[in-house]
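**Q** Please find one structure pasted underneath; my questions will follow.
The values are calculated or read from the model by the stated rules, or taken from the named source; none is laboratory data. What you see is a predicted model, and the numbers here were worked out from it, not measured in a lab. Reconstructed Cβ throughout: ideal geometry from the backbone, glycine too, with neighbour counts over all protein chains shown.
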Amino acid sequence: MKFEEYEREQFFKYEEFAQVVGMILSNAIDASGLPKPQSIRHRAKSPKSLKERLEEADKLDSPHIEEHRRDLAGVRIIFYTNSDVEKFLNARLIFENFDVEKGTVRIHHPTKENQERRYRGIHYTINLKNNRTKLAEYSRYAGMRCEIQVQTILNHAWSETSHDIAYKNKLPKGFGRDAMEAIRNRLNRIMDQYLMPAGYEFQRVQHDYERLLQGKKLFDRDLLTAITVASDNNLRHEILISLRDEVIPNYDDVSAIYDDLMASLVSAVKGAKESKPKPIETPFGQLEGKTAADVTSAAVDIIDALRYIDVSKTFDVLCKLFDHAPSEEASQRIIKAAERLAGYDQPVWEKVGPAVQVLLVDAAARVRADQNPTTAPLLIATYRALLSLEIEGTIWRADSVTLTRASMPVLPDVLVIRGKAIASLFDLFTKATSDEEKRTILSALRGSTRLPHEHSNQLLRQCILDAIRIVEFLATHASSLSYEIREWMEEGYLFDYHRARQIADDIQDKFGCASDARQLMASIIQLRDCINQDQLYVRYKTLVGFRTVLPEHWSDEDWPYDEVEKFRLNEAQRFVDEINTGNESEWLGFIERCATTQSNDAATFPIFSQFLTMLAKQKPEIAHNYLTRATDDLLRFLPAFLSGLFESKAKELYLNCLDYYLHEGTHLPSLIRHYRISKPGRPEFITAVLKRAIATADEATVTHCLLFALEGTSGDGVPSSNEFFVPAISFLTGLKSTHWVRQAWMAHKETPFFNKIDIAEARLLLANLIEAPAIDYRAEEILCRIAEKWLPMVWGFFSERIAHPAERTIDGRYDAIPYQFHKLHKELAKEPALAIETTRTMYAVDSEAFRFRGGRLFHITYPEFSAEISRRLCELITNGSKADAEYAIGIMMNYHGEAAIHDVLKCIVAKYPNDEEVLAGVRISIDSTGTTVGEYGRVEAMRQKKAAIASWLSDPNPDIRAFAERHTLDLGTEIADEQRRAEQRQALRRLEYDKDDDGNED
């Protein structure tokens, strides 16, 4: 179409077409229920304006002016607020009702790329869909284009004004330049300082009002009653979330309904505990239903938010919820809420001082008086928070969070609170029935005297006085405490003794409490003496534990560790020398007491184990007698006894013990642990142990046997592979057990097994590791040793993991490919041809998920994309099929678009320049960024992508150039869109955090 034709006859047709597009949009918006726009305007471009634009582009004589101007027909949809625009865009009505030309969506927003031009709008170029142009009334518009613009009314006002003044400016050259520049600057200031902030204010007002209306709908439903009659936990949870987010924030007088609200929350938690989770039905299948713990957490969220309305009532409700807590997770959530209630919050302190804590310490005392032992953990946590010496605060701003801490002033009310809290902890301590509870109380008491970094001398003195009170209380109870508690307590107060000593020895007494510090030191020494009056305890702490306090520590806190261990071993030898047939029963009682100590720390028992080994070696008959009378706790140390007997001269006793425990069958793990430590030979015996373990399905023993096979040699008594390794690994694989990997510390060392591993052994190990839920650094060590000799098998191993049925489940407990390799990639990367061949097969088996499985495996194997990999993939693409190109794209998508992969992407574009499916994968590969940081992180990442493909614009291949031109435009649009969204998020966050209800800065 020429310009003359448009001017003469097509202008009116385009006017009609624009009107039709506007009508379709209006009807679609009405049908969708979206907010109505302020107006929908349409127009055809006037011949005069079109002529000017064509002349500027030197296209006035073109026979196809419609190819140069997409806006011959135009429709502008003008909404009131940004929120209305977002709702319209998210509804995708333009895409549903029209064909949007590819590459024509444009986001106009001030960016560096467009010289910060203030015009804001979203433009689409559309055609009518085929199903519409087939109708007679629309057929005449087939193939015609229309530009749809979406704006807010404020942006529309600015753009119209700016267009009329600046765009249509016809001032002669040499006249009014400075004045026009000032006008443009003023227009920009109007947008930046008034219109954009006003737009965000309108958006915030609309959001708050819609939330208020939603809250009213929920309020009208009487949710408090609904909670009590809810039929399942899904409904209870939904109601509680609605209360928390929509109703309570808008309720005018929450205090008036506080009692009823709290009663409803308790009822909800009780009901939830008695209800089983009910699956949630969705169009995509069932989801796990809400649990009683979920309901409890939602209820506690509400209590937490309203905690200061009635402090005593709040604490009573938390205690009731704690009694009905459905799980440990829920209990901890309730405890955290109690700690927040009891904590010294700076904004609250500034208003009422310690008034909250004054009320709470009395409320806790009333609960304690009820003698309900189940609430003890909640009370202890509450008292711990009440005894805190810091006032903490959090200030939230739009772009920051400020944490504040202040030292507690020593006020009369604070002293009363501390006195009552400490007395209450004393009472709880005397009634505690377990070491765990006593240790928790002791921790709270000691924590009450831990000073903040900045503190007053007055607070220091008060802490010393409180510490004296606590130490004197503990001294009166020391003789009734377990050895474990005494040892833990002695270590802690050794530290306090030396800290007090620094204050007491200060000649200038700059803290003003040297005499109090000396009194504390004397109290600690008294406690120490009370603890150590029991010589059995002194003997116990010498043999058991890893922070034993010895007399020398009180004069030298840093007494060398090796000297401590030397002393303890010498004492252990002295104890062995003391044991004889006359006192062996007395010693057995003591040894069994040591063995009852529970610990998950391997450093607790080395000295004790060495003591037992020394005893068995030097006095085997007594050790053998102990074994015949040993409790299960003592038999945990059977390997130490056996090691000593093995080194003794009583070989017959040793062999009798081995045979006895083999046939007895309940302590087989100890036998194999002894073999791993002492390596006594007799492979036929350890083979018999394995057979017995397999026959009784003793997984722990078989695991130790496997580890012995992997780490030992034939000289250590390890049986042949077929007799020992093969049955052990086969048994564990049958159980799908891979726990042995956690203990396979020998895998990174030179061991005969891995040095000589054959293909059958490698296959058995890999078959077992396929069942491992994840490949961690320990499994990698084993795979590395296998890969050194059997690399193709390890690649095949990952193929089998990807195909594992558990990989297709949604429970998240099977991760076929790790997030990254620690060292295995160095082995896997040695043969690129093998890597490509294997992953290409993975793609053929499962192309849809290849990017997330095989493609990711390739990426973590070659985290640095090398020139050799690039060359091999380019050869595959050039000589292969479309599937080969799609396989390469599945790999490229994992590399975050770095320059090293660009040659491969260019190769794909050059071979498939018109295949939109393939080119979409190339775009995704270029645009992939991984994690971005900061509000505008995504914007900057896209700018870097745009700069990275700039060199493509000068590529000799015209298809590559054409692709780069299109994608450069797309990236520009994405940059503008992301910057628009980032600015909106930032502006709304500022409105939420940085201004009060009157719009004033806080």
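**Q** Counting only residues that are at negative phi and modelled with pLDDT of 95 or more, give me the helices (runs of 4 or more DSSP H) lying completely in the stretch 336-438 with at least 3 of them.
**A** Once the helices (runs of 4 or more DSSP H) in the stretch 336-438 are filtered for at least 3 residues that are at negative phi and modelled with pLDDT of 95 or more, what remains is 355-369, 376-386, 412-431.
**Q** Among residues belonging to the stretch 38-53 that are in a strand (DSSP E or B) and among the basic types (Lys, Arg), point out the one that is nearest to the chain's Cα centre (by Cα).
**A** Taking the candidates together, the pick is Arg41.
**Q** Given the conditions (1) of a type in the set (S, T, N, Q); (2) in contact (Cβ under 8 Å) with a residue 40 or more places away in the chain; (3) part of a helix (DSSP H, G or I), which single one is not true for Asn768?
**A** Asn768 satisfies all of (1) of a type in the set (S, T, N, Q); (2) in contact (Cβ under 8 Å) with a residue 40 or more places away in the chain; (3) part of a helix (DSSP H, G or I) except (2).
**Q** Find the helices (runs of 4 or more DSSP H) located wholly in the stretch 232-327 whose residues include 3 or more that are out of contact with any Ser or Thr (no Cβ under 8 Å at 6 or more places or on another chain) and without any contact (Cβ under 8 Å) to a residue 40 or more places away in the chain, and list them.
**A** Because the criterion is at least 3 residues that are out of contact with any Ser or Thr (no Cβ under 8 Å at 6 or more places or on another chain) and without any contact (Cβ under 8 Å) to a residue 40 or more places away in the chain, the helices (runs of 4 or more DSSP H) in the stretch 232-327 that meet it are 233-242, 292-305.
**Q** Being surrounded by fewer than 16 Cβ atoms within 10 Å (Cβ to Cβ) and of a type outside the set (S, T, N, Q) is the filter; apply it to the stretch 853-871 and report the residue that is nearest to Tyr887 (Cα to Cα).
**A** Arg871
**Q** Out of all the residues in the stretch 163-179, which are of a type in the set (A, V, I, L, M, F, W, C), modelled with pLDDT under 75 and part of a helix (DSSP H, G or I)?
**A** Matches in the stretch 163-179: Ile165, Ala166.
**Q** Here are some conditions: (1) of a type in the set (Ser, Thr, Tyr); (2) surrounded by 15 or more Cβ atoms within 10 Å (Cβ to Cβ); (3) over 23 Å from Leu668 (Cβ atoms); (4) over 45 Å from the mean Cα position of the chain (by Cα). Ser555 meets all but one. Which one does it not meet?
**A** (2)
**Q** A further question follows. Which one of these is outside any helix (DSSP H, G or I), out of contact with any Gly (no Cβ under 9 Å at 6 or more places or on another chain), not assigned by TED's automatic domain parsing to the domain that holds Ile122 and not polar (S, T, N, Q): Val918, Val933, Val939?
**A** It is Val933.
**Q** Of the conditions (1) closer than 27 Å to Glu992 by Cα; (2) modelled with pLDDT of 85 or more; (3) outside the structural domain of Phe79 (by TED's automatic domain parsing); (4) crowded, with 16+ Cβ neighbours inside 10 Å, Thr152 fails just one. Which one is it?
**A** (3)
**Q** Oh, and also: Considering only residues that are surrounded by 13 or more Cβ atoms within 10 Å (Cβ to Cβ) and not polar (S, T, N, Q), which ones fall in the stretch 388-404?
**A** Result: Leu389, Glu390, Ile391, Glu392, Gly393, Ile395, Ala398.
**Q** Is it the case that the stretch 468-476 has a residue that's buried (at least 19 other Cβ atoms within 10 Å of the Cβ) and outside any helix (DSSP H, G or I)?
**A** no
**Q** Please work out if Leu54 is farther than 24 Å from Tyr138 by Cα, among the aliphatic types (A, V, I, L, M) and modelled with pLDDT under 90.
**A** Answer is yes for this residue.
**Q** Just one of Leu690, Leu706 is touching a residue at least 12 places away in the same chain (Cβ under 8 Å) and under 15 Å from Glu664 (Cα atoms); which is it?
**A** Leu690
**Q** Out of the residues in the stretch 528-545 meeting the condition of being more than 29 Å from Leu460 (Cβ to Cβ) and buried (at least 18 other Cβ atoms within 10 Å of the Cβ), tell me which one is farthest from the chain's Cα centre (by Cα).
**A** Across the stretch 528-545, the extreme among qualifying residues is Arg539.
**Q** If you scan the stretch 64-76, which residues turn out to be modelled with pLDDT under 90 and not in a helix (DSSP H, G or I)?
**A** Residues satisfying the conditions are His64, His68, Arg69, Arg70, Asp71.
**Q** If you don't mind, another one. Is there a residue in the stretch 295-312 that is over 29 Å from the mean Cα position of the chain (by Cα), under 18 Å from Leu240 (Cα atoms) and of a type in the set (Asp, Glu)?
**A** Looking through the stretch 295-312, none of the residues is over 29 Å from the mean Cα position of the chain (by Cα), under 18 Å from Leu240 (Cα atoms) and of a type in the set (Asp, Glu).
**Q** Now, a different point. Out of curiosity, is Arg439 charged (D, E, K, R), within 44 Å of the chain's Cα centre (by Cα) and within 30 Å of Phe605 (Cβ to Cβ)?
**A** yes
**Q** Looking only at the stretch 659-670, which residues are under 42 Å from the mean Cα position of the chain (by Cα) and assigned to a helix (DSSP H, G or I)?
**A** Passing the criteria: Leu668, Pro669, Ser670.
**Q** Please pick out the residue among Arg985, Arg938 that is in contact (Cβ under 8 Å) with a residue 40 or more places away in the chain, surrounded by 18 or more Cβ atoms within 10 Å (Cβ to Cβ) and either among the acidic types (Asp, Glu) or out of contact with any Phe, Trp or Tyr (no Cβ under 9 Å at 6 or more places or on another chain) (or both).
**A** Arg938
**Q** Across the stretch 593-608, what is the total count of residues that are out of contact with any Cys (no Cβ under 8 Å at 6 or more places or on another chain) and either buried (at least 18 other Cβ atoms within 10 Å of the Cβ) or of a type in the set (D, E, K, R) (or both)?
**A** Within the stretch 593-608, residues that are out of contact with any Cys (no Cβ under 8 Å at 6 or more places or on another chain) and either buried (at least 18 other Cβ atoms within 10 Å of the Cβ) or of a type in the set (D, E, K, R) (or both) number 7.
**Q** Looking at (1) assigned by TED's automatic domain parsing to the domain that holds Ser26; (2) under 22 Å from Phe88 (Cα atoms), which one does Ile183 not meet, given that it meets all the others?
**A** Unmet condition: (2).
**Q** Provide a single number: the residues in the stretch 287-299 that are β-branched (Val, Ile, Thr) and surrounded by fewer than 24 Cβ atoms within 10 Å (Cβ to Cβ).
**A** Final tally of qualifying residues: 1.
The rows are residues; the columns are (1) in a helix (DSSP H, G or I); (2) free of Cβ contacts under 8 Å to residues at least 40 places away in the same chain; (3) surrounded by 13 or more Cβ atoms within 10 Å (Cβ to Cβ).
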| site | (1), (2), (3) |
| --- | --- |
| Gln526 | yes, no, yes |
| Arg547 | no, no, yes |
| Val564 | yes, yes, yes |
| Gln573 | yes, no, yes |
| Gly582 | no, yes, no |
| Ile591 | yes, no, yes |
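**Q** Still on this structure: Filter the stretch 96-112 down to the residues that are among the aliphatic types (A, V, I, L, M) and outside any loop (DSSP other than H, G, I, E, B), then identify the one that is surrounded by the most Cβ atoms within 10 Å (Cβ to Cβ).
**A** Here the answer is Ile107.
**Q** Where residues in the stretch 629-660 are crowded, with 22+ Cβ neighbours inside 10 Å and among the small types (Gly, Ala, Ser), which of them is farthest from His674 (Cα to Cα)?
**A** Gly644
**Q** Check whether at least one residue in the stretch 101-114 is on the phi > 0 side of the Ramachandran plot and modelled with pLDDT under 95, and report yes or no.
**A** There is at least one residue in the stretch 101-114 that is on the phi > 0 side of the Ramachandran plot and modelled with pLDDT under 95.
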